[in-house]
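The values are calculated or read from the model by the stated rules, or taken from the named source; none is laboratory data. Just so we're clear, the structure is a prediction, and the values are computed from it rather than from any experiment. Methodologically, a virtual Cβ is constructed for each residue, glycine included, from the backbone with ideal geometry; neighbour enumeration extends over all protein chains shown.
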Ligand SMILES: Cc1ncc(COP(=O)(O)O)c(C=O)c1O
């Protein structure tokens, strides 16, 4: 995954002795694969609502969190987990009602043809399971993804995540298509480009004797640069893949649970019918719960041939957390809020573009927004270094965002759904001030 906003040892001289010691200890114990955000890494000790607090008690507005999505330490989730932890926590090989109540509540949020759910602990596992199911069902192995996709960390899924870095070599059964970059392709060309790329990918798989199995797509194309794409653009390409017998796996790990606005699920924007949907991140507001939702015939085909057991997947405490999250989304009307505050942010950030030449494009769906920075609007030359500077200047102001995309020049803004207009205003002002600081 791109770490535009990663701490490097070059930044260490600016840190206190205590911070340096903590980083050294981390590197000694955890090794080099882990990354820290920000030039001055944040030492977090507490979270509450939209705020994170550091060890000195300074608060930071969290506009970069799609896990504790409904608010840090939301009392409803904490209470539900506490209650269930006191009573029982086991696995799915005993009869229990909690998992079934949650499954029903979750499935109610999906189209009727998606009527089975299986639980995992992480989004990576969910994608891994979805891929296994698709391979079983289709008898194929060929997979289509976008060029700078991220889908997770298991062996099979890391190979479908080119954004992890140059160490990822795409296997022979994988083809890539262009992400819906309306800014660079032109909005009117996005759907046709996508469909043409899918057609070419399928033809090429077949030409190499590889039977296509699945098209796996992030609902907001987050690692590709936060690219919601025009509504409906997916329909033609996905229909084409499904007509070839491929399964469409909608990766909703980022775009699910009200993130993209009025719709609970990102794919709803596109008039498509996924065969499998994968879920994760905000599902338990921090409790590790994830899973797949799919068509009964697809999921049952897999289950008839082999059994499935995931020790922690779907445990009672995780299901209690998941249920509380769904309750809160409904009771606090977070889909509406995601739409309203997301719209307010989109308008506010778009207005900033009138004063900051560096802003080439502002885009988003609900509370997931991208601001693309360029050195020249005519050539769209990416301002990668400046994106990193903006993110770090904002961190110094006490507002947390990050940066993403293959060109490393997109501000990635993903506030907690608990944001009010007042928080959104603070965020816009912080972007404004940081952009002024870059010139
Ligand atoms: C689109 C997408 N899919 C899958 C994953 C993997 O989820 P996890 O980190 O829970 O394994 C991520 C994580 O960032 C993601 O962004």
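Does any residue of segment 150-172 turn out to be closer than 22 Å to residue 130 by Cα and more than 23 Å from the chain's Cα centre (by Cα)?
Pass one, segment 150-172, residues closer than 22 Å to residue 130 by Cα: 150-164, 168-172.
Going one step further and asking which of them are more than 23 Å from the chain's Cα centre (by Cα), we end up with 171-172.
Yes, segment 150-172 contains at least one residue that is closer than 22 Å to residue 130 by Cα and more than 23 Å from the chain's Cα centre (by Cα).
Failed condition for residue 245, given (1) crowded, with 23+ Cβ neighbours inside 10 Å; (2) under 19 Å from residue 215 (Cβ atoms); (3) touching a residue at least 60 places away in the same chain (Cβ under 8 Å), with all others met?
Unmet for residue 245, out of (1) crowded, with 23+ Cβ neighbours inside 10 Å; (2) under 19 Å from residue 215 (Cβ atoms); (3) touching a residue at least 60 places away in the same chain (Cβ under 8 Å): (1).
Quick check on residue 143: is it at pLDDT 95 or above, surrounded by 15 or more Cβ atoms within 10 Å (Cβ to Cβ) and within 16 Å of the ligand (Cβ to nearest atom)?
Details: at pLDDT 95 or above: yes; surrounded by 15 or more Cβ atoms within 10 Å (Cβ to Cβ): yes; within 16 Å of the ligand (Cβ to nearest atom): yes.
Spelling it out, residue 143 is indeed at pLDDT 95 or above, surrounded by 15 or more Cβ atoms within 10 Å (Cβ to Cβ) and within 16 Å of the ligand (Cβ to nearest atom).
If you check residue 205 against the conditions, is it crowded, with 24+ Cβ neighbours inside 10 Å, more than 14 Å from the ligand (Cβ to nearest atom) and farther than 28 Å from residue 408 by Cα?
Working: crowded, with 24+ Cβ neighbours inside 10 Å: yes; more than 14 Å from the ligand (Cβ to nearest atom): yes; farther than 28 Å from residue 408 by Cα: yes.
Yes: the conditions hold for residue 205.
Out of the residues in segment 258-294 that are free of Cβ contacts under 8 Å to residues at least 60 places away in the same chain and within 21 Å of residue 241 (Cα to Cα), state the one that is farthest from the ligand (Cβ to nearest atom).
Taking segment 258-294 first, the residues free of Cβ contacts under 8 Å to residues at least 60 places away in the same chain are 267-268, 270-272, 283.
From what's left, within 21 Å of residue 241 (Cα to Cα): 267-268, 270-272.
Values: 267: 13, 268: 16, 270: 16, 271: 21, 272: 17 Å.
Step by step, filter segment 258-294, then rank; the result is 271.
Only one residue in 349, 416 is touching a strand residue (DSSP E or B) at 6+ places or on another chain (Cβ under 6 Å) and in a loop (DSSP other than H, G, I, E, B), so which one is that? So that I can check it myself, show each step before the final result.
Values: 349 fails: in a loop (DSSP other than H, G, I, E, B).
Checking each option against the conditions leaves just 416.
Could you check segment 309-318 and list, in sequence order, the residues that are touching a helix residue (DSSP H, G or I) at 6+ places or on another chain (Cβ under 8 Å) and either outside any helix (DSSP H, G or I) or within 18 Å of residue 253 (Cβ to Cβ) (or both)? Break it down into steps so the answer makes sense when it comes.
Initially, segment 309-318 is screened for residues touching a helix residue (DSSP H, G or I) at 6+ places or on another chain (Cβ under 8 Å), giving 310, 312-314, 316-318.
Matches in segment 309-318: 310, 312, 313, 314, 318.
May I ask you to list the residues in segment 229-257 that are away from the ligand (no atom under 11 Å from the Cβ) and closer than 14 Å to residue 280 by Cα? I'd like the intermediate steps shown before the answer.
Narrowing segment 229-257 to residues away from the ligand (no atom under 11 Å from the Cβ): 229-248, 257.
257 - this is the single residue of segment 229-257 that is away from the ligand (no atom under 11 Å from the Cβ) and closer than 14 Å to residue 280 by Cα.
Considering only residues that are surrounded by fewer than 23 Cβ atoms within 10 Å (Cβ to Cβ) and in contact (Cβ under 8 Å) with a residue 60 or more places away in the chain, which ones fall in segment 419-432?
At the first step, the residues of segment 419-432 found to be surrounded by fewer than 23 Cβ atoms within 10 Å (Cβ to Cβ) are 420-423, 425-426, 428-430, 432.
Those that are surrounded by fewer than 23 Cβ atoms within 10 Å (Cβ to Cβ) and in contact (Cβ under 8 Å) with a residue 60 or more places away in the chain: 420, 421, 423, 425, 426, 428, 430, 432.
Using the structure shown, decide if residue 333 is more than 16 Å from the ligand (Cβ to nearest atom) and modelled with pLDDT of 95 or more. Walk me through how you get there before you give the answer.
Details: more than 16 Å from the ligand (Cβ to nearest atom): yes; modelled with pLDDT of 95 or more: yes.
In short, yes.
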